[in-house]
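Student: Sharing a structure with you now.
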Amino acid sequence: MPGGDTFDGQMQRYTFSGIGDGGQGENQKPAFKLGPGATLKNVIIGPPAGDGVHCQGDATVQNVWWEDVGEDALSKKGEGKVVVLGGGAWHAADKVFQLNRAGGFDLIGFYAEDFQRLIRTNGGKNAKNYPYRIKVEDLVVFDGHTVVRSTNSKTEAIVKNADLVNIDDPWQMENGSTIETEDIRIWP
């Protein structure tokens with residue numbers, strides 16, 4: 001989708017063929033590709049979801065639901081700020097949100113169930129140490145491993161008003177990264 005455009009799916013369910021099997025194999029194609037300034041809203045992404053949604057810069061993703069996350073639900077591929085408002089995701093064998101470029105990531109009013117990592121910054125020995133600013137508010141998550149994982153020393157995260165149910169290790173932060181939490185309810 002070109003930059004600055006808005007796509008309103010009107011709560012229709014979208015399935016795709018030829019973008020990948022929705023497994024963890026690299027280089028699958030995205031279901032939606034958002035140019036800088038684009039908005040995607042009111043969409044249900046059915047399996048196979050390939051590599052989900054790619055954001056090339058600033059973007060808004062509003063009321064989008066992933067029935068079965070593919071390689072990732074959403075990947076931040078360009079610098080800028082991505083805002084996810086509402087929506088939810090199920091069945092992420094690895095990550096729900098993958099942040100690969102510097103900038104902000106706001107996740108507000110989101111639901112997730114059955115995942116390994118909700119938010120993961122670009123990591124590994126060859127990763128660039130981009131500065132990330134992550135804000136999470138009004139979150140409900142079930143049956144996952146980690147809410148925020150960063151192997152980057154320049155990540156700043158704030159998590160407010162969250163219900164974490166059956167989450168193994170909520171925060172995995174590299175030395176030098178910071179996380180602030182407020183009104184977090186953890187349930188076994």
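The values are calculated or read from the model by the stated rules, or taken from the named source; none is laboratory data. Being a predicted model, the structure only gives us computed values, none of them experimental. Using ideal geometry, Cβ is built from the backbone for each residue, glycine included, and neighbour counts are taken over all protein chains shown.
Student: Give Gly57, Gly50 a once-over and let me know the one that is outside any strand (DSSP E or B) and over 18 Å from Asn27 (Cβ atoms).
Tutor: Details: Gly50 fails: over 18 Å from Asn27 (Cβ atoms).
When all the criteria are applied, what remains is Gly57.
Student: Just checking, how many residues over region 1-44 are among the polar types (S, T, N, Q) and farther than 18 Å from Glu67 by Cβ?
Tutor: 3
Student: When you check Glu113 against the structure, is it of a type in the set (Asp, Glu), at negative phi and assigned to a strand (DSSP E or B), yes or no? Step through it out loud before you land on a result.
Tutor: Values: of a type in the set (Asp, Glu): yes; at negative phi: yes; assigned to a strand (DSSP E or B): yes.
For Glu113, the condition - of a type in the set (Asp, Glu), at negative phi and assigned to a strand (DSSP E or B) - is met.
Student: Just name the residue that is nearest to Leu107 (Cα to Cα) out of those in region 128-149 that are among the β-branched types (Val, Ile, Thr) and surrounded by 17 or more Cβ atoms within 10 Å (Cβ to Cβ). Talk me through it step by step, then tell me what you get.
Tutor: Residues of region 128-149 that are among the β-branched types (Val, Ile, Thr), as a first pass: 134, 136, 140-141, 146-148.
Narrowing further to those that are surrounded by 17 or more Cβ atoms within 10 Å (Cβ to Cβ): 134, 136, 141, 146-148.
Working: Ile134: 8, Val136: 5, Val141: 12, Thr146: 15, Val147: 11, Val148: 11 Å.
In this case the residue turns out to be Val136.
Student: Among the residues of region 11-30, is any crowded, with 16+ Cβ neighbours inside 10 Å and in a strand (DSSP E or B)? Let's see the steps before the verdict.
Tutor: Step one: filter region 11-30 for residues crowded, with 16+ Cβ neighbours inside 10 Å, giving 16, 19-20, 22, 28, 30.
After this cut, where a residue has to be in a strand (DSSP E or B) as well, the list is none.
Within region 11-30, not a single residue is crowded, with 16+ Cβ neighbours inside 10 Å and in a strand (DSSP E or B).
Student: For region 150-160, how many residues are in a strand (DSSP E or B) and either small (Gly, Ala, Ser) or surrounded by fewer than 18 Cβ atoms within 10 Å (Cβ to Cβ) (or both)? Before the answer, list the steps.
Tutor: Of region 150-160, the ones in a strand (DSSP E or B) are 150, 155-160.
Subsequent filtering for residues that are either small (Gly, Ala, Ser) or surrounded by fewer than 18 Cβ atoms within 10 Å (Cβ to Cβ) (or both) retains 150, 156-158, 160.
Residues that pass the stated criteria total 5.
Student: Another one. Conditions first: (1) touching a strand residue (DSSP E or B) at 6+ places or on another chain (Cβ under 8 Å); (2) surrounded by fewer than 23 Cβ atoms within 10 Å (Cβ to Cβ); (3) without any contact (Cβ under 8 Å) to a residue 60 or more places away in the chain. Asp94 passes all but one, so which condition is the exception?
Tutor: The single condition Asp94 does not satisfy is (3).
Student: Sticking with this one: Which pairs do you get when a residue that is on the phi > 0 side of the Ramachandran plot and touching a residue at least 24 places away in the same chain (Cβ under 8 Å), found in region 153-179, comes within reach of a residue that is in a loop (DSSP other than H, G, I, E, B) and not aliphatic (A, V, I, L, M), reach meaning Cβ atoms under 9 angstrom, with the pair 6+ apart or on two chains?
Tutor: Final answer for the pair search is Asn166/Pro188.
Student: Same structure, new question: From Asn63, Asn100, grab the single residue that is among the polar types (S, T, N, Q) and at positive phi. Quick ask: steps written out before the conclusion?
Tutor: Details: Asn100 fails: at positive phi.
Residue meeting the stated conditions: Asn63.
Student: If you don't mind, another one. Please tell me if Leu34 is surrounded by 16 or more Cβ atoms within 10 Å (Cβ to Cβ), modelled with pLDDT of 95 or more and either among the acidic types (Asp, Glu) or more than 26 Å from Lys160 (Cα to Cα) (or both). Give the steps one after another, and end with the answer.
Tutor: Details: surrounded by 16 or more Cβ atoms within 10 Å (Cβ to Cβ): yes; modelled with pLDDT of 95 or more: yes; either among the acidic types (Asp, Glu) or more than 26 Å from Lys160 (Cα to Cα) (or both): yes.
Judged against the criteria, Leu34 is a match.
Student: Another one. Any idea which of Val43, Val69 is crowded, with 18+ Cβ neighbours inside 10 Å, assigned to a loop (DSSP other than H, G, I, E, B) and not hydroxyl-bearing (Ser, Thr, Tyr)? Show your work before the answer.
Tutor: Details: Val43 fails: assigned to a loop (DSSP other than H, G, I, E, B).
Matching residue, one of Val43, Val69: Val69.
Student: Right, next: Quick check on Asp163: is it of a type in the set (D, E, K, R), in contact with a Phe, Trp or Tyr (Cβ under 8 Å, 6 or more places away or on another chain), surrounded by fewer than 16 Cβ atoms within 10 Å (Cβ to Cβ) and under 24 Å from Gly86 (Cβ atoms)? Give the steps one after another, and end with the answer.
Tutor: Values: of a type in the set (D, E, K, R): yes; in contact with a Phe, Trp or Tyr (Cβ under 8 Å, 6 or more places away or on another chain): yes; surrounded by fewer than 16 Cβ atoms within 10 Å (Cβ to Cβ): no; under 24 Å from Gly86 (Cβ atoms): yes.
Against the criterion (of a type in the set (D, E, K, R), in contact with a Phe, Trp or Tyr (Cβ under 8 Å, 6 or more places away or on another chain), surrounded by fewer than 16 Cβ atoms within 10 Å (Cβ to Cβ) and under 24 Å from Gly86 (Cβ atoms)), Asp163 does not qualify.
Student: Could you please find all residues in region 166-188 being surrounded by 18 or more Cβ atoms within 10 Å (Cβ to Cβ) and assigned to a loop (DSSP other than H, G, I, E, B)?
Tutor: The answer is Pro170, Ser177.
Student: Is at least one residue of region 86-94 assigned to a loop (DSSP other than H, G, I, E, B) and among the charged types (D, E, K, R)?
Tutor: No, the conditions are met nowhere in region 86-94.
Student: Right, next: Can you name the residue in region 72-84 that is in a strand (DSSP E or B) and more than 11 Å from the chain's Cα centre (by Cα) and, of all such residues, is nearest to Met11 (Cα to Cα)? Show your work before the answer.
Tutor: Narrowing region 72-84 to residues in a strand (DSSP E or B): 74-76, 80-84.
Add one more test, that the residue is more than 11 Å from the chain's Cα centre (by Cα), and what stays is 80-81.
Details: Gly80: 27, Lys81: 24 Å.
In this case the residue turns out to be Lys81.
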